[in-house]
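**Student:** The following block contains the structure, expressed as structure tokens.
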Amino acid sequence: MKQFEKFNLTMKSSAIWSHSTDNGEVHSVILHDQQIYHHPKPPLAIFNDNLFRIGSSLRGAKDAAEAMLGSTSMFPFMIDLEHKIVWFPSESPANIDCVWFALHAIKIPLAVSQEETKVILHGGLSITIPVSLRSFKNRWHTAHILRSKFLDNQYSQPFIYGKPRKEITVVCDGYRVAYTVKEKKEGYEEL
């Protein structure tokens, strides 16, 4: 397993989960480009570091998710505005068994048992988590909704142009700073 001090999450990053060391510290295991990497910080610290790159923080991402989705305890969040990369937890982030998934990396979730789900990722790898299929699909669906709302906000609403009540013309002379304002109540005047 390769170890890094800083880790930038990209489109090639698929999943992150916690790992307890022998001395009780919580580190992270990152599935990136079909390989496993080790990081000396817990998953939420990695997300916070990556959110700082786009001028945000974990608290800001949670507030944005709450504003767009309503109150949610296991919130998904956008980690890359350019590529619209959304991450979401499999269960409460306070739980050591929580696995964070990149929305774009999931191919399909399958039920293994009543309380276990196998998440098949693009590229063929899979992760089995101790969460029911229904619970996982609810979190997956919420992450899709968040991504859709970010995409909707990307496109501005069309402007509604009304007929002006008066026409105001500003004439600027290229050689001087002075200008003239002409007002006309109806029609248009050519200069």
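**Student:** Among S113, S28, which is in contact with a helix residue (DSSP H, G or I) (Cβ under 6 Å, 6 or more places away or on another chain) and farther than 17 Å from F150 by Cβ?
**Tutor:** S28
**Student:** Still on this structure, please answer the following. Can you list the strands (runs of 3 or more DSSP E) found entirely within region 34-113 that contain at least 3 residues being within 21 Å of S132 (Cβ to Cβ)?
**Tutor:** 85-89, 99-102, 106-113
**Student:** Which residue pairs have Cβ atoms closer than 6 Å, lie 6 or more positions apart in sequence or on different chains, and pair a first residue in region 27-42 that is charged (D, E, K, R) with a second residue that is at pLDDT 90 or above and outside any strand (DSSP E or B)?
**Tutor:** Close Cβ pairs (under 6 Å, with a partner that is at pLDDT 90 or above and outside any strand (DSSP E or B)) amount to D33/K12.
**Student:** Filtering region 34-65 down to residues that are among the hydrophobic types (A, V, I, L, M, F, W, C) and in contact with a helix residue (DSSP H, G or I) (Cβ under 8 Å, 6 or more places away or on another chain), which residue is farthest from K6 (Cα to Cα)?
**Tutor:** First pass over region 34-65, keeping only residues among the hydrophobic types (A, V, I, L, M, F, W, C): 36, 44-47, 51-52, 54, 58, 61, 64-65.
Cutting the leftovers down to in contact with a helix residue (DSSP H, G or I) (Cβ under 8 Å, 6 or more places away or on another chain) gives us 44, 47, 51, 58, 61, 65.
Details: L44: 13, F47: 11, L51: 13, L58: 17, A61: 20, A65: 25 Å.
Looking at residues that are among the hydrophobic types (A, V, I, L, M, F, W, C) and in contact with a helix residue (DSSP H, G or I) (Cβ under 8 Å, 6 or more places away or on another chain), I get A65.
**Student:** Can you name the residue in region 66-87 that is over 14 Å from W140 (Cα atoms) and in contact with a helix residue (DSSP H, G or I) (Cβ under 9 Å, 6 or more places away or on another chain) and, of all such residues, is surrounded by the most Cβ atoms within 10 Å (Cβ to Cβ)?
**Tutor:** If we take residues in region 66-87 being over 14 Å from W140 (Cα atoms) and in contact with a helix residue (DSSP H, G or I) (Cβ under 9 Å, 6 or more places away or on another chain), then I79 is surrounded by the most Cβ atoms within 10 Å (Cβ to Cβ).
**Student:** Would you point out the residue of region 88-97, among those that are surrounded by fewer than 20 Cβ atoms within 10 Å (Cβ to Cβ) and touching a residue at least 24 places away in the same chain (Cβ under 8 Å), that is farthest from F136 (Cα to Cα)? Before the answer, list the steps.
**Tutor:** Filtering region 88-97 for residues surrounded by fewer than 20 Cβ atoms within 10 Å (Cβ to Cβ) gives 91-97.
Within this subset, residues satisfying the condition of being touching a residue at least 24 places away in the same chain (Cβ under 8 Å) are 91, 93, 96-97.
On the way: E91: 8, P93: 14, I96: 17, D97: 14 Å.
Looking at residues that are surrounded by fewer than 20 Cβ atoms within 10 Å (Cβ to Cβ) and touching a residue at least 24 places away in the same chain (Cβ under 8 Å), I get I96.
**Student:** I need every pair where a residue in region 138-151 that is of a type in the set (D, E, K, R) has its Cβ under 9 Å from the Cβ of a residue that is part of a helix (DSSP H, G or I), sequence separation at least 6 or different chains.
**Tutor:** What qualifies is R147/L103; R147/H104; K149/M68; K149/L69.
**Student:** Moving on. Filter region 100-111 down to the residues that are surrounded by fewer than 23 Cβ atoms within 10 Å (Cβ to Cβ) and of a type in the set (A, V, I, L, M) and list them by number.
**Tutor:** L103, A105, I106, I108, L110, A111
**Student:** Could you please find all residues in region 19-33 being of a type in the set (S, T, N, Q) and surrounded by fewer than 12 Cβ atoms within 10 Å (Cβ to Cβ)?
**Tutor:** S20, T21, N23
The values are calculated or read from the model by the stated rules, or taken from the named source; none is laboratory data. The shown structure was predicted, so the numbers you read here are calculated from the model rather than taken from an experiment. Cβ atoms come from the backbone with ideal geometry, glycine included; neighbour counts cover every protein chain shown.
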